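Q: Okay, here's the structure, questions in a sec.
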């Protein structure tokens, strides 16, 4: 027999009918036949099985499919085992042998076509495009009894069984194009690549699976959850039309199929009814053929026409199929989307706790679920923070968009010499540790000497080197121990301030900031070691020395000219107003501020850029303070601001 | 609840896995004509024997036959030359005189010559009827009596009996002692003309034979495959194959390539289209057979 049977592996027929792109309609059944792009809408793991019964006069139950899928970002992987995807034919070979001159024995054959397993991969390029491939493994097991002459001393006819297996790999590609929520298009190949074994035995040649290259074109129109319409066309001139839908957890599907190789024109229907939750789906479907099916069939028709599909052919029987699918996910369903993030403040590492009070960025978060969601924003900056820094949680109503602040803590040991462009990863988390949404933005990280020009932020420079300042101040004061021990305690603060200033200014020179970095502030140690600085640096250093030994200071911000700002230091002498004469008889050289208990205290301004001595610096400071702050009403108008270091 | 769900799932999966059958198979009923039945005719190719196969196409087991009348139109094609013969014969067995093997098995019956017989008006000769058989590994032959015979090799020589195809041959029987004369017509089959395509060669063991003939689509034809040793005239029948009279049959290569072809020079394919029928009953039962036979002799490549 020289045959060329059209026994083709699967094309588009699925035992649950056609459901379109499965993410939008139902959870996956890994139906490679109509889903060559292989995309499925799970977040983590998915397991599904199809178990059913076939009615051929008797009832045969089969596990049709067992599949597992895993999603890794935009990559989707799946594997399926299909023990029930097989079709077996039993027939007499047409050859018979006469044994012992009288008895005729017919020889029989058993041909079994199987799809054993498949592997799938898909990549989601963006919201609109998925592409993927499916690799499937087929096996053809042929057993046939033959009569074989055996010649030794005499000639015998021996009845034996030929047994041969031929395997085949089949690779198909597919692509999905999601135009919008209502329209989807899909295209896939059928039998694009085949790699197969040939048959050794001549008896089986011509009975092997054939591979016609075809294509699948699919379109879905989905105006509402409860009504979707799908059309699937194969270039072999077969098609499927289906309607599917979902409402209140229930799913339905009805597929009618025209198979070019089967009669009548609409060869059958696949109705399906199911129920699903976020975690599982159960679907009961059936395959009803409109032509009569019989467990006995004509060999000549099989010989002439073959079959076109292993599980859907003119020899297939009506079926009932139960499909189960589980979503096993360590990643819960996404409830919110992070639409955008706006970084509102540059990052100055020295202001280590400033961003706890003042958010450095704001994000717009949309609740896409149908329930109120408590979100936790967090941020991590590459190279700056080791862990995510969480911001306070916030409740967002269903469908609402909220502006969410992102706070930050910079480690106090963090050092950076030059400004660097880094990346801030913003996260929004709901119920689990895995974020629902994240967004990355570029962020400029300034150097630790960078300053934003806000005098109130100079306190970070004052306090950062406080240990150095304390050691340095104590060293200076210890040299004047004999003086300090003999003075009245009331003027102790004043004398210590004077001793520290006079020692501090020895050898110091006024130097401007580096030209390229106008807002550059030295730490006290740098100023003392470099023996110079501008008004910011000198005020920071002197204030730090005083604060380190418990002398309260404030900074005076002279903002009279936007181009040239100035800073000097106010010292709390801790003298009461009645004690002013202990340090001066000139009541214009000090001014009174109330402390926290409401008592008056004498404060004196010191111009730290007057690198002569304490008295001179006091005089210069007083002169400037009186002129800018009082005579020009700077304090009243806000052009002169007094900022307590603590 | 979670535990219960887990157990339920495990139980369901176990139930499904262990309760599975295979999907229902389909039994294909052979309604094609591309079928054949094969019978081995000779086990010992060095010392062939047969209980009834000869060029007349008589291949039946004679133990089951009471009486036999056979007419044949025979053609033998060797290379491009075809010789035609006609043959008529009759044999009547005496069921009370069985001939047995030494172990008691029935081999045949003695024949009798009960009267005169004419085919198409020509009286048949009575000739000795000898059969060959094997016993205990030793080939033997025995004379079982006489039989009636007419044959025409060419132009009515030696007998003026001409086998007509798709027509009839008249038969007349006149008993020697008492009884009624018997006469009837034997319907003859349509002439069979075969061709053989023998490809491959014996050394590569890839011989394949495709047989074609003028198929009539009715009944079946027999194909006898015989081998012929160098220098010998009598072929050794190997296989008897019965197939539909559809005009074509491919003999699977294994039937030829497993034979010890290096000992043989020629292979003979004999096509036989026959009509057979029984007349009478009991001891008067008569198998009437007419056949068109075409043997094609081919050098084994």
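The values are calculated or read from the model by the stated rules, or taken from the named source; none is laboratory data. Computed from a predicted model, the values in this text were never measured in an experiment. Virtual Cβ from ideal backbone geometry, glycine too; neighbours counted across all protein chains shown.
Q: Can you tell which of B:176, B:184 is at pLDDT 90 or above and under 23 Å from residue B:121 (Cβ atoms)?
A: Checking each option against the conditions leaves just B:184.
Q: How many residues does the stretch A:110-138 contain that are without any contact (Cβ under 8 Å) to a residue 60 or more places away in the chain and either facing chain B (nearest Cβ under 10 Å) or not in a strand (DSSP E or B) (or both)?
A: The qualifying residues number 6.
Q: Mind listing whichever residues of the stretch A:40-64 are assigned to a strand (DSSP E or B), touching a residue at least 12 places away in the same chain (Cβ under 8 Å), more than 25 Å from the chain's Cα centre (by Cα) and within 11 Å of chain B (Cβ to nearest Cβ)?
A: A:49, A:50, A:51, A:52, A:53, A:54, A:55, A:62, A:63, A:64
Q: Answer yes or no: is there a residue in the stretch A:220-231 that is within 30 Å of residue A:303 (Cα to Cα) and touching a strand residue (DSSP E or B) at 6+ places or on another chain (Cβ under 9 Å).
A: Looking through the stretch A:220-231, none of the residues is within 30 Å of residue A:303 (Cα to Cα) and touching a strand residue (DSSP E or B) at 6+ places or on another chain (Cβ under 9 Å).
Q: Here's another thing I want to ask about it. Residue A:540 - would you say it is under 25 Å from residue A:469 (Cβ atoms), at pLDDT 90 or above and surrounded by 14 or more Cβ atoms within 10 Å (Cβ to Cβ)?
A: yes
Q: Anything in the stretch A:323-347 that is at pLDDT 85 or above and in contact with a helix residue (DSSP H, G or I) (Cβ under 9 Å, 6 or more places away or on another chain)? List them, or say none.
A: A:324, A:345, A:347
Q: Same structure again: Within the stretch A:139-180, count every residue that is in contact with a helix residue (DSSP H, G or I) (Cβ under 7 Å, 6 or more places away or on another chain), more than 14 Å from chain B (Cβ to nearest Cβ) and over 17 Å from residue B:254 (Cα atoms).
A: So the answer is 0.
Q: Within the bounds of the stretch A:557-572, is there any residue that is closer than 20 Å to residue A:450 by Cα, touching a residue at least 40 places away in the same chain (Cβ under 8 Å) and assigned to a loop (DSSP other than H, G, I, E, B)?
A: yes
Q: Taking the stretch A:272-308, which residues are away from every other protein chain (no Cβ under 13 Å) and surrounded by 17 or more Cβ atoms within 10 Å (Cβ to Cβ)?
A: A:272, A:274, A:276, A:281, A:283, A:285, A:286, A:289, A:308
Q: I would also like to ask the following. Within the stretch B:241-256, which residues are assigned to a strand (DSSP E or B) and within 8 Å of another protein chain (Cβ to nearest Cβ)?
A: The one that is assigned to a strand (DSSP E or B) and within 8 Å of another protein chain (Cβ to nearest Cβ): B:250.
Q: Out of everything in the stretch A:65-96 that is facing another protein chain (nearest Cβ under 9 Å) and not in a strand (DSSP E or B), what residue ends up being surrounded by the fewest Cβ atoms within 10 Å (Cβ to Cβ)?
A: Among residues in the stretch A:65-96 that are facing another protein chain (nearest Cβ under 9 Å) and not in a strand (DSSP E or B), the one surrounded by the fewest Cβ atoms within 10 Å (Cβ to Cβ) is A:83.
Q: If we keep just the residues of the stretch B:16-45 that are in contact with a strand residue (DSSP E or B) (Cβ under 9 Å, 6 or more places away or on another chain) and more than 8 Å from chain A (Cβ to nearest Cβ), which is modelled with the lowest pLDDT?
A: Looking at the filtered set, the residue picked out is B:33.
Q: Just to verify a result, which residue in the stretch A:215-261, among those that are under 30 Å from residue A:143 (Cα atoms) and crowded, with 16+ Cβ neighbours inside 10 Å, is farthest from the other protein chains (Cβ to nearest Cβ)?
A: A:259
Q: Any residue at all in the stretch B:197-211 that is modelled with pLDDT under 85 and more than 10 Å from every other protein chain (Cβ to nearest Cβ)?
A: no
Q: Taking into account only those residues within the stretch B:221-238 that are within 15 Å of residue B:300 (Cβ to Cβ) and crowded, with 19+ Cβ neighbours inside 10 Å, which is modelled with the lowest pLDDT?
A: Of everything passing the filter in the stretch B:221-238, B:235 is modelled with the lowest pLDDT.
Q: Could you list all residues from the stretch A:628-641 that are surrounded by fewer than 14 Cβ atoms within 10 Å (Cβ to Cβ) and outside any loop (DSSP other than H, G, I, E, B)?
A: A:631, A:636, A:637, listed by residue number.
Q: Within the stretch B:259-290, track down each residue that is within 14 Å of chain A (Cβ to nearest Cβ) and either outside any loop (DSSP other than H, G, I, E, B) or free of Cβ contacts under 8 Å to residues at least 24 places away in the same chain (or both).
A: B:261, B:262, B:263, B:267
Q: Could you please find all residues in the stretch B:54-87 being at pLDDT below 85, under 16 Å from the mean Cα position of the chain (by Cα) and more than 12 Å from chain A (Cβ to nearest Cβ)?
A: Within the stretch B:54-87, B:54, B:55, B:56, B:57, B:58, B:65 qualify.
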